[in-house]
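Enquirer: The following block contains the structure, expressed as structure tokens.
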Amino acid sequence: MVESSIVRYYLRKLVIAALVIVVVVWVVTPFIISMLYAFSSKDDYYSPNIIIPIHYTIQHVKMLLDLGATQAIINSVIVAVITILLSFALGLPAGYAFAKFAFKGKDSLKLLIIGLRMFPILVIAVPLVTLYIRLGLNDTLLGVALAHTSMALPFVIIISSSIFAGVPKELEEAAMIFGLDRKGAFFRITMPLALPGLAAAAIFTFIMSWNEVFIASVLTLTHRTLPAFILTSAMAAPDFIKFAAGFIMILPAMIFVFIARKYLITMWGITLK
Amino acid sequence: MVDVHLKGIVKRFGKTIAVNGINLDIRDGEFIVLLGPSGCGKTTTLRVIAGLEKPDEGRVLFGDRDVTYLPPRERNVSMVFQSYAIWPHMKVYDNIAFPLKIKKFPKEEIDKRVKWAAELLQISELLDRYPHQLSGGQRQRVAVARAIVVEPDVLLMDEPLSNLDALLRVKMRSELKKLQRRIKVTTIYVTHDQVEAMTMGDRIAVMNKGKIQQVGRPDEIYLRPANVFVAGFVGTPQMNFFDATVEIKDDEIILDASDFKVRLPKDYLPVLQEYNGKTVIVGIRPEHIYPEGHAPTTAKKLSWVEGTVDFVEALGSDTILHLNTGSMILVVKISGSHRYEIGSKVKVALDLSNIHVFDKESQVSLLYKRQRGVQ
Amino acid sequence: MPNHVSFVEKYLPYILIAPALAYMLFFIGYPLAEGLHLAFTVNGVFSLQNVEYLISSPFSKFWDALTDTFLLVLVIIPIQVAIALGLAMLFNMKFPARHVALYLVILPLTISDVAAGLIWYSMLSANGFFNKILLNIGLIHQPIYFFGYQYRPMEFLAIVITEVWRATAIVFVILFAGLQMISRDHIEAAEVFGATPWQRLRYIVFPMLKPSLQAALLIRTLFAFQIFGVVWVLAGRDIPILAGEAYYEQVELHHTGVAAIYALIIAAISISIGYVYIKLFKAQYLEEGR
């Protein structure tokens, strides 16, 4: 009786551990394999008996960069940076208003923003082409960034509002009692406290723009961003070039996410107990 | 209904030890209270009994059944949670019926029992409501009804009254106690409130730092605290403590606190003999110190001390004096309303039959030690 | 002047929100209007030419795209929700290195659809990891082909695997957050009162998780109808999908009007799903309460 209950107890622990391992392996293996294959020598990849490559080369990545990926990476970074600047310039004031003010229609407005976030933003790409042609924005990085901003804006508003709301109102009120006006209180108290969270939000905005492929592919022809470049150019290339492309695409996301890993979880409203 | 035995329970969370070797025998049908400050391990102990936590060491026995590793559902326990844990998506009726449904009682039996429990707790008219339509006190009753409806072997309560307002708490205290007498279920009740513990418990187990400090009837805990912690934790205002040196001359025992001397009766000789010349901790409750003219006629052995009034708390029913005796403050509780001028001199008597002496090192009560030695 | 100050104070929140809102409304409202214009006019005159092409031209894969998109959504979403729910339950338990495991499991959140497609291509291609393992163990003697028009069902399977791998994380995150909002006491109470793990899930967790489940379902479904990168990388037009056809008609064939119709259809589907969601579901006890 006692023995069997002990066995059951530890069996349960074992099952949990096994499940966790299975899940982690399932998620992580493709990452590792794709990275290994990106640097695998051609012979190792095509040899059926070598599962994990033995010989490594950076030739594929280099070849891809020479094919035009370098320019595409630069384009992607430019688009992402403009997107961050625009969406923060427009989104932070709105986020702050939602966090710190009580006003009529606040809930409906917030619901509207959330609703807009649900909107399938890729559908704007095709009609935007005609507008951009008229405005001379077609096939420009600014044009892509403008569209990406409309995708990132609701995210920035919602996240920044929760970050600002996380700064206790009393801190700002105390600053105002001790002689700062609202603007001063914002820049000297709220902003510094919100900065780490906002930096994380910027990182996620960057990744959002960096990863977006449909709008970028439709709106550009010669000034491709990296995903658009890969989608149109690299698909016809040999396998190992594709793996190199995958590696280049996930690398910055991985690095940034590692930097902001603390926020990767909290960004979604999860708190670990 | 069943007796419960805890044998050497140890529970660690990472590096912190929440429960550090607890032994406790709880009798069948008894109402026992685990009393202690927050973080003393009382809730963890309760959760170990419930089966929600597995101890790292030790055994939990229900009767002679070892339940240490059994999941809660195989223990036939019930619990009232501090947060009540009333499921928000179920009506009151379904909340109370849930334990019965899980145990596959027939429908009529479920209905009968739910109505019985609801009536007992006077919530019959609430059965059709959702939890969010209830007040805090009503939710508390639902939680209790749900806990007793299965007729558990052991009823566990984790600070069930701490979320109620003061008036309701007093009312529920007596109601819960009466309810427990009626259904005679072995009850383990966790609280940090000494008044709850004193009024409700058949016995109290005072806990601190993961260990049981003393187990006993409420009056035992109050009159004969086992150590400085128990003495200080039970009773308001807190017991006065001061260091004193023991001097035994001929037949006389003198406790020399720097500000004053206390001449103890000879009864203390066997206890204090070996402490001659050493320092002990002396404790006396504020209600056992009487200003001139307030000493009850029953108090025979008194020792007088003079001090200056430092501060007065007028509570209406009681008056609390803070007396400065030179280098320390004696707190004195006088029943009734009295006026004292701050700065005035007052003579007070220590009731020597209610004095406590503790070992300076181990903080254990010398009187209690002797008692246990006699047993 | 004081008047002016109070005016600004009073309308400050609106002033702060207005630019963002105007931007959003322009960038969604204008394309929708323009889309309608593009779809239903030819040379400035109302015309159903684009619709006719869409429905009946041999070059158009509209019906295939419509069925395949729905098929993918119907297959992928239930798998994702089931796995995510199990994962959320699993991670709600205590075990060593939980934080690290959690971090690893939500890593795919950061991966683009194109990259996910490429990653799984390296896993499933004829010379990929999966085939090499099976070949070397001796389970198979010929590689299993996942890609190419003649292997369309396998392509479909590869897409499903990739999407499950990539986008289950977002469902998981929402459900896990919801699960963490359920107070531990509620679940433990059921445990104490005799519920088995399954009963706890069925009677306590599931009903209380309903709002999160609905939110996750909504978000995931909306995004699933926009599926593009994974399919385009793994199967091209072998498995036509709505967004893919929009892209193809626009970029390859320059049928802007047809592409606009595709865009409008995706928008219409999304809006209807959102509408149905708001109308149909609402956790009863939440609606009645606060």
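Enquirer: Using a cut-off of under 19 Å, list every residue of segment C:107-132 whose amide N is near the label point 7 Å from the Cα of C:Tyr145 along the Cα-to-beta-carbon line.
Expert: Zone members listed by number: C:121-132.
Enquirer: If the elastic network links every pair of Cα atoms under 10 Å, which of C:Ala177, C:Ala158, C:Ala84 fluctuates the most in the Gaussian network model of chain C?
Expert: Greatest mean-square fluctuation among the candidates belongs to C:Ala177.
Enquirer: Sticking with this one: Express in nm, to one decimal, how much length is gained between C:Asn43 and C:Lys279 on full extension, taking 0.36 nm for each residue of separation and deducting their alpha carbon distance.
Expert: Gain in length upon complete extension: 81.0 nm.
Enquirer: Most fluctuating residue of A:Ile32, A:Ile82, A:Ile203 in a GNM of chain A with Cα springs under 10 Å: which is it?
Expert: Looking only at A:Ile32, A:Ile82, A:Ile203, the largest GNM fluctuation is found for A:Ile32.
Enquirer: Whenever you get a sec, compute what percent of the accessible area on chain A sits on carbon and sulfur atoms (1.4 Å probe).
Expert: With neighbouring chains kept in place, the figure for chain A is 72 percent.
Enquirer: Here's a follow-up. Would you please state the base-10 log of I(q)/I(0) at q = 0.27 1/Å for segment C:229-268, with intensities from the Debye formula using one equal scatterer on every alpha carbon?
Expert: -0.86
Enquirer: Can you pull the percent of segment C:48-288's accessible area that's carbon plus sulfur, 1.4 Å probe, other chains left in place?
Expert: 68
Enquirer: Tell me the net charge near B:Arg65. Cut-off is 12 Å between Cβ atoms, B:Arg65 excluded, with +1 for each Lys or Arg and -1 for each Asp or Glu.
Expert: -3
Enquirer: Between segment A:154-200 and segment C:222-253, what's the alpha-carbon centroid distance in Å?
Expert: Between the Cα centre of segment A:154-200 and that of segment C:222-253, the gap is 42 Å.
Enquirer: With a 1.4 Å probe on protein heavy atoms only, work out how much accessible surface A and C bury together, total over both chains, in Å² to the nearest 100.
Expert: So the total buried area for this chain pair works out to about 7900 Å².
Enquirer: Using protein chains only and a probe of 1.4 angstrom, how many square angstrom of C:Asp238 are accessible, to the nearest 10?
Expert: 40
Enquirer: Which value, in square angstrom to the nearest 100, describes the accessible area buried between chains C and B on both sides, using a 1.4 angstrom probe?
Expert: The summed interface area works out to 2200 Å².
Enquirer: Considering all projection directions equally, how large on average is the shadow of the alpha-carbon convex hull of chain B, in square nanometres? Write down the numbers at each step before the final one.
Expert: Values: hull surface 89.4 nm².
Spelled out: convex hull of the Cα atoms, projected over all directions, averaged, 22.3 nm².
Enquirer: Grab the beta carbon distance between C:Tyr11 and B:Gln273, set R0 = 60 Å, and tell me the FRET efficiency rounded to 0.05.
Expert: 0.10
Enquirer: How far is the Cα center of segment B:109-124 from the Cα center of segment C:131-183, in Å?
Expert: Using only Cα atoms, the two centres lie 52 Å from each other.
Enquirer: Could you work out how much longer the chain between A:Thr70 and A:Ser5 gets when fully extended? Use 0.36 nm per residue separation minus the Cα distance between them, nm to one decimal.
Expert: Contour length minus Cα-Cα distance gives 17.2 nm.
Enquirer: Follow-up. Keeping all protein chains in place, calculate the accessible area per residue for the protein assembly as shown (probe 1.4 angstrom), answer in Å².
Expert: Working: 41370 Å² over 938 residues.
I get 44 Å² per residue for the protein assembly as shown.
Enquirer: Still on this structure, please answer the following. Need the C-alpha centroid separation for segment B:227-291 versus segment B:1-32, integer Å.
Expert: What the calculation gives is 33 Å, centre to centre.
Enquirer: Set the Förster distance to 30 Å, then compute FRET efficiency between B:Glu125 and A:Lys106 from the Cβ-Cβ distance, nearest 0.05.
Expert: Here the calculated transfer efficiency is 0.20.
Enquirer: Using the eigenvalues of the Cα gyration tensor, what equivalent ellipsoid semi-axes result for segment A:62-121 when each is taken as the square root of five times the eigenvalue, whole Å, largest first?
Expert: Working: eigenvalues 288, 37, 7 Å².
That gives 38, 14, 6 Å for the three semi-axes.
Enquirer: Now for a separate question. Given N residues in segment C:134-244, what is its alpha carbon radius of gyration divided by 2.2 N^0.38 Å?
Expert: Ratio of Rg to 2.2 N^0.38 Å for segment C:134-244: 1.53.
Enquirer: Quick one: go through segment B:350-369 and flag any residue whose amide nitrogen is under 11 Å from the point 7 Å out along the Cα-to-Cβ line of B:Leu302.
Expert: The answer is B:350-352, whose backbone nitrogens lie closer than 11 Å to the label point.
Enquirer: At 7 Å along the Cα-to-beta-carbon direction for both B:His5 and A:Ala165, put a label point, then send me their distance in nm to one decimal.
Expert: With each label point 7 Å from Cα toward Cβ, the separation is 5.5 nm.
Enquirer: Taking the Cα centre as origin and putting +1 on Lys and Arg beta-carbons and -1 on Asp and Glu beta-carbons, what dipole magnitude results for chain B, to the nearest 20 debye?
Expert: With Lys and Arg at +1 and Asp and Glu at -1, about 1200 debye.
Enquirer: Which of A:Ile124, A:Ile163, A:Ile241 moves the most in a Gaussian network model of chain A with Cα springs under 10 Å?
Expert: Comparing A:Ile124, A:Ile163, A:Ile241 in the GNM, the peak value goes to A:Ile124.
Enquirer: Considering only protein heavy atoms, with the full assembly of protein chains and a 1.4 angstrom probe, order C:Ile170, B:Ile342 by accessible area, largest first.
Expert: I get B:Ile342, C:Ile170, largest accessible area first.
Enquirer: Given labels modelled 7 Å from the Cα in the Cβ direction, how far is it in nm from A:Val81 to B:Phe311?
Expert: Spacing of the two 7 Å Cα→Cβ label points: 6.3 nm.
Enquirer: Further question: If Rh is defined by the Kirkwood formula over all Cα pairs and Rg also comes from Cα, what ratio Rg/Rh do you get for segment C:1-47? List each step's numbers first, then the result.
Expert: Working: Rg = 19.0 Å, Rh = 13.5 Å.
Rounded to two decimals, Rg over Rh is 1.41.
Enquirer: In whole percent, and with a 1.4 Å probe on the protein chains, what portion of the accessible area of segment C:1-47 is carbon and sulfur? If you can, show how the numbers build up before the last one.
Expert: Numbers: 2190 of 2910 Å².
Of all accessible area on segment C:1-47, carbon and sulfur atoms account for 75 percent.
Enquirer: Let me ask you something else. Anything losing 50 Å² or more of accessible area from the isolated chain to the full protein assembly: pick those residues out of segment C:24-48, probe 1.4 Å, ligands and DNA/RNA ignored.
Expert: Checking the loss per residue gives C:Met24, C:Phe27, C:Ile28, C:Tyr30, C:Pro31.
Enquirer: I'd like the antiparallel share, as a percent to the nearest 5, of DSSP beta bridges with both residues in chain B.
Expert: Approximately 80 percent, going by the DSSP bridge assignments.
Enquirer: A follow-up question, please. From largest accessible area down, sort B:Lys7, A:Lys106; use a 1.4 Å probe on the protein chains.
Expert: B:Lys7, A:Lys106
Enquirer: Show the residues, 5+ positions off or on another chain, whose built amide H is closer than 5 Å to the amide H of B:Val357.
Expert: B:Gly283, B:Leu366, B:Leu367
Enquirer: If I ignore ligands, DNA and RNA and count only protein heavy atoms, how much of C:Trp63 is accessible to a 1.4 Å probe, in Å² to the nearest 10?
Expert: It works out to around 140 Å².
Enquirer: Now for a different question. Hey, what D do you get for segment B:45-109 in µm²/s if you plug the Kirkwood alpha-carbon radius into Stokes-Einstein at 10 °C and 1.306 mPa s?
Expert: 116
Enquirer: Tally Lys/Arg at +1 and Asp/Glu at -1 over every other residue whose Cβ is under 13 Å from the Cβ of C:Leu175; what's the total?
Expert: +2
Enquirer: May I pose another question? Which percent, to the nearest 5, of DSSP beta bridges fully inside the protein assembly as shown are antiparallel? Don't skip to the end; give the middle numbers.
Expert: Details: 68 of 86 bridges.
Bridges in the protein assembly as shown that DSSP calls antiparallel: roughly 80 percent.
Enquirer: Given a Förster distance of 41 Å, report the FRET efficiency between B:Lys184 and B:Ser337 from their Cβ-Cβ distance, rounded to the nearest 0.05.
Expert: On the way: r = 43 Å, r/R0 = 1.05.
The calculated FRET efficiency here is 0.45.
Enquirer: Going through the DSSP H helices of chain C, which span 15 Å or more along their own axis at the Cα atoms while scoring at least 1.0 as a mean Kyte-Doolittle hydropathy? Each step should come with its number before you reach the end.
Expert: Values: long enough: C:2-40 (54 Å, 0.94); C:62-91 (42 Å, 2.00); C:113-124 (16 Å, 1.24); C:152-181 (43 Å, 1.39); C:206-224 (25 Å, 1.04); C:256-280 (35 Å, 1.82).
The qualifying helices are C:62-91, C:113-124, C:152-181, C:206-224, C:256-280.
Enquirer: Hey, any idea what Rg/Rh is for chain C, computing Rh the Kirkwood way over Cα pairs?
Expert: 1.06
Enquirer: Now, a different point. In nm, to one decimal, how far is the modelled label at B:Asp56 from the one at B:Glu292, with both set 7 Å along Cα→Cβ?
Expert: 5.9
Enquirer: Read phi for every residue in segment B:199-205 and hand back ³J(HN,Hα) as whole Hz from Karplus 6.51 cos²θ - 1.76 cosθ + 1.60, θ = phi - 60°, with x for Gly and Pro.
Expert: In residue order, the calculated couplings are 7, 9, x, 5, 9, 10, 10 Hz.
Enquirer: Does a label point 7 Å from the Cα of B:Lys104, set along Cα-to-beta-carbon, have any residues of segment B:60-87 with amide nitrogen under 20 Å, and which are they?
Expert: Inside the label zone: B:71-77.
Enquirer: May I ask you to list, by number, the DSSP H helices of chain B whose Cα span along the axis is at least 27 Å and whose average Kyte-Doolittle hydropathy reaches -1.0 or more?
Expert: Span-like helices, by this rule, are absent here.
Enquirer: In Å and on Cα atoms, what radius of gyration and Dmax does segment B:73-221 show?
Expert: Computed over the Cα atoms of segment B:73-221, radius of gyration and Dmax are 15.7, 48 Å.
Enquirer: From the convex hull of the Cα coordinates of the protein assembly as shown, what is the mean projected area in square nanometres? Mind dumping the intermediate values first?
Expert: Numbers: hull surface 215.1 nm².
Projected over every direction and averaged, the Cα hull of the protein assembly as shown covers 53.8 nm².
Enquirer: Here is a further query. On the full set of protein chains, 1.4 Å probe, figure out the accessible area of B:Lys178 and give it in Å² to the nearest 10.
Expert: My reading of the accessible area for B:Lys178 is about 130 Å².
Enquirer: Taking the convex hull of the Cα atoms, report for chain A its projected area averaged over all directions, in nm². Spell out each step's value before the answer.
Expert: Numbers: hull surface 93.1 nm².
With the hull built on Cα positions only, its mean projection is 23.3 nm².
Enquirer: So what is the relative contact order for chain A, in percent, with contacts set as C-alpha pairs under 8 Å and at least six apart?
Expert: Working: 263 pairs, mean separation 75.9, N = 273.
It comes to 28 percent, rounded to a whole number.
Enquirer: Using the membrane-span-like helix rule (whole DSSP H runs, Cα extent along the own axis of at least 27 Å, mean Kyte-Doolittle hydropathy at least 1.0), which helices of chain A qualify?
Expert: Within chain A the helices that satisfy the rule are A:2-38, A:70-100, A:141-165, A:191-211, A:239-259.
Enquirer: What does the net charge come to around B:Asp318 if you take all other residues with beta carbon closer than 15 Å to its beta carbon, with K and R at +1 and D and E at -1?
Expert: Charge balance in the 15 Å sphere: +1.
The values are calculated or read from the model by the stated rules, or taken from the named source; none is laboratory data. Bear in mind the structure is a predicted one, so any value in this text is a computation, not a measurement. Ideal geometry is used to build each Cβ from the backbone, glycine not excepted, and the neighbour counts take in all protein chains shown. Note: accessible area is taken over every heavy atom of the protein model, side chains too, but ligands, DNA and RNA are not part of it. Shrake-Rupley method; radii C 1.70, N 1.55, O 1.52, S 1.80 Å.
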